[in-house]
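Report on one structure; see the data block that follows.
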Amino acid sequence: MASRPSVYTMLLFVSGVTFFAIFFLSPLGALVYSVVNPFYADPAFFQRVYNIYLNLGPSKAFEELLNLVGNPIINSLQSDIIVSAIQVSLITTAVSSVVCIAFGTPLAYILSRYDFWGKSVLDTAVDLPMVLPPTVAGISLILFLGPNTPIGSFLASNGWDIIFTWKAIILAQIFVSAPFYIRSVSTAFSSVPLNLELAAKNLGASPLRTFYTVTLPLSARGVFAGWAMMWARAMGEFGATLMVSNNVPGQSYTLTTAIYWEFWAGGLFQSISAAVVLLIVSFLVLISVRILMGRR
Amino acid sequence: MSREMAFLKVEGISKSFKEPVSLREKLSGVERENRVLRDLSFEAEKGELLVILGSTGCGKTTLLHIICGLIKQDSGHIYLDGECIDELPPNKREVCLVFQDFALFPHMNVADNIAYGLFTRGIKREIILERVKDVLKKLDLFPLRYRKPETLSGGEKQRVALARALVVQPKLLLFDEPLSNLDVNIRKSVRKEIQRIQREYGLTSIYVTHDQYEARALADRIAVIHNGRIEQIGKPEDIFYRPQTEFVASFTEAENIFEGRVSETRPTEGLTEVTVGNTKISTAFDPDLQVGQDVKLMIRPEDIIIAKTKPVTSARNVLGGKVAGFTPHGSMFKLEIDVNGVPVSSLISRISLEEFKIKPGSNVYVVFKSSAVHIIK
């Protein structure tokens, strides 16, 4: 017997949906709509076609019309700037993923299994980058490895220029995204009963073998979900990347910085195409995390 | 070593855990310790089933974890088969533990669970298959070999846990309250299974429990542990009928424990008389007892017979009393009788209870032999 929802429940529901519609759905809807109808994003289009018609004749105007109807988003997706931005984003996030997994996994294990002096301090410090504005990370990295600092100038004199090259993007991504991996994986490790690890050791397994035959298989979902979130955050890194990279178009643009720079440079369609790629990526990550964590 | 050493020798084990303290206390150097084991020693012979009996939280699990190396002791030594194993990591000790919650690997099927300990030892695949098959058959697990642990019943899980430990042929097998997570009605059959397997393999075993009935049914010897020390170690009859301390007596539900004073010794009749309150109780003659000495007496409730009329009997102690009350106790009834101000409890069957028309206030006789009276020194 389903009871009728009260007026207050309805009010709560309506206010929630309205909030969601205004602040999230509408902007993303505009982005998606501009892909379906590119002229929405470029109202001056008809004026431009008309000008071409006046100056160059009807055949040239028809060509321009065809060109734009053949989806400018697809065209700009194939432009050098966006192709290279996709490459840079994939390569840098791959490297930062490897670093986060290699160093974050042992740290997550330590945080979940051991008690030691200063653990609460370390625990809090790991979470700090989650709340820290990324530009703070950017300026910190510049002060640590920038060309005028002791360490930075030493590295540069040995041919290791890092800050203001595409390599610095990796550092920025690790800085902001590692906490997502470590937190999620440490929670996943904690959910594996300690007794199972003890049983494995008791049956003759070395600590390493215990880890990869018992702990890791039982926490695999959490580890993968943690990596997915970390990777999505690294893909989306913007503020620190903008500060530490040299921002050369077609060379050290990531997808996020490409959205920004192309927008100011007048390449609206490039911005839209990069944004759509990121939207799809984020959506896929979210779905895979949900599937992994939901099923148990 | 010249003197022959016991198969397992646990010598002077102590362990304390730090208890959490507040930050302010930590900064001012305060540390609170919980001393779980205090200088605990015992020995076990090869092939023996030694039951460690103690109340919950008395350090039994800690002791097992120390023996198999999962926890390091603060002091003391452990010798297994003539070899000191203090410094060996858990995966190098030939000691297997059957966990209280079974600790089966949920992502592996039954056969893989059992084979785990063999793979870690780097044994050849064909030999592993053979040995797993053997133990599967021996424990009636063969039809379940591809099942995942979550689909098994408690008793089946217990058998898998046992098989997983047996298959590696350890020198020492440890059981951590293996029946406590099982339904009451299957405990008996699983207990018998454990006993059968232990005898069949001749495995030296240490079995930890808080259940005195389980201990009595299983043990070759029992060690009662209290406050982190061994209170008494010996054959089940010794623990139950000749307890050396009041704790052992009360833990094994020897309910009638009285303080009295030796009033008379009669060596010719083989008797010592002890006065408890206004009542005289005869016990077997003990040359160590002097007249006037304060002693503690213990009589197990099951050693006391109840009679409605004064019986003609060879039993030395026939005392009149008044029934104070009775309560169900398993399949029997526990009768509380007031004997001249001394509260005596006894067990009686339902039939006798009805036959004697016993009600609170009824007059009855309590009858027990002088040999049923045990003196705790």
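The values are calculated or read from the model by the stated rules, or taken from the named source; none is laboratory data. Because the structure is predicted, anything quoted here is derived from the model rather than measured. When we count neighbours, we look across all protein chains shown, and the Cβ atoms used for this are built from the backbone with ideal geometry, even at glycine. SASA here: full protein model, heavy atoms, side chains in, ligands and nucleic acids out. Shrake-Rupley method; radii C 1.70, N 1.55, O 1.52, S 1.80 Å.
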Relative intensity, log₁₀ I(q)/I(0), of segment A:86-190 from a Debye sum that treats every alpha carbon as a point, q = 0.10 Å⁻¹
-0.34
When only Cα pairs under 8 Å and 6 or more residues apart are kept, what is the percent relative contact order across segment B:8-102?
33 percent
Given a 1.4 Å probe, show me the residues in segment A:187-211 buried by at least 30 Å² of accessible surface when comparing the whole protein assembly to the chain alone.
A:195, A:196, A:198, A:199, A:201, A:202, A:203, A:204, A:209
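If you roll a 1.4 Å probe over the protein assembly as shown with all protein chains in place, what percent of the accessible area is carbon or sulfur?
Numbers: 21040 of 35220 Å².
Ligands and nucleic acids excluded, carbon and sulfur reach 60 percent.
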Top mean-square fluctuation among A:164, A:20, A:283, Gaussian network model of chain A, C-alpha springs under 10 Å?
A:20
Kirkwood Rh, angstrom, the protein assembly as shown [1 / mean 1/r, Cα pairs]
32.7 Å
Work out which residues of segment B:86-122 lose at minimum 50 square angstrom of accessible surface when the other protein chains are put back, relative to the chain isolated, with a 1.4 angstrom probe, and list them by number.
B:91, B:99, B:105, B:107, B:116, B:120
Measure out, as a whole number of angstrom, how far apart the alpha-carbon centroids of segment A:100-132 and segment B:31-81 sit.
34 Å
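Tell me the per residue accessible area of segment A:78-292 using a 1.4 Å probe; a whole number in Å² is fine.
Working: 10160 Å² over 215 residues.
For segment A:78-292, the per-residue accessible area is 47 Å².
What total accessible surface area, summed over both chains, is buried at the interface between chains B and A, computed with a 1.4 Å probe and given in Å² to the nearest 100? Numbers along the way, then the final one.
Details: alone 19300 and 17610 Å², together 35220 Å².
That pair of chains buries around 1700 Å² in total.
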Value at 222 nm in deg cm²/dmol, rounded to 500, when DSSP H runs of n ≥ 4 in the protein assembly as shown each add -39,500 (n - 2.57)
-14500 deg cm²/dmol
Dipole magnitude of the protein assembly as shown about its Cα centre (Cβ charges: Lys, Arg +1; Asp, Glu -1), debye to nearest 20:
1200 debye
Of the convex hull enclosing the alpha-carbon atoms of segment A:78-292, the direction-averaged projected area in nm² is 14.2 nm²
Compute the signed sum of charges (Lys and Arg +1, Asp and Glu -1) over the other residues within less than 14 Å, Cβ to Cβ, of residue A:197.
+2
Does any residue of segment B:142-169 lose at least 10 Å² of accessible area with all protein chains in place compared with its chain alone, and if so which ones (probe 1.4 Å)?
B:164
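Rounded to the nearest whole Å², what accessible area per residue is found for segment B:267-357 with the 1.4 Å probe?
On a per-residue basis, 54 Å².
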Taking the radius of gyration and the Kirkwood hydrodynamic radius from Cα positions alone, what is the Rg/Rh ratio for chain B, to two decimal places?
1.06
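For chain A, list the DSSP H helices whose alpha carbon atoms reach 18 Å or more along the long axis and whose average Kyte-Doolittle value is 1.6 or above?
Numbers: long enough: A:7-20 (20 Å, 1.90); A:80-113 (48 Å, 1.50); A:119-131 (19 Å, 0.76); A:167-190 (34 Å, 1.13); A:216-236 (29 Å, 0.71); A:268-294 (38 Å, 2.27).
Helices meeting the span and hydropathy rule in chain A are A:7-20, A:268-294.
About its Cα centre, how strong a charge dipole does segment A:78-292 have in debye, to the nearest 20, once Lys and Arg get +1 and Asp and Glu get -1 at the Cβ?
Details: 9 positive and 8 negative charges, 116 e Å.
The calculated dipole for segment A:78-292 is roughly 560 debye.
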Excluding same-chain residues fewer than 8 positions from residue B:157, which lysines have a Cα within less than 18 Å of its Cα?
B:133, B:137, B:138, B:148, B:188, B:192
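R0 = 45 Å: FRET efficiency of residue B:81 with residue B:314, Cβ-based, nearest 0.05?
The computed FRET efficiency comes out at 0.35.
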Plugging the Cβ-Cβ distance of residue A:194 and residue A:4 into 1/(1 + (r/R0)^6) at R0 = 45 Å yields, to the nearest 0.05, a FRET efficiency of 0.35
Keeping all protein chains in place, calculate the accessible area per residue for segment B:193-233 (probe 1.4 angstrom), answer in Å².
37 Å²
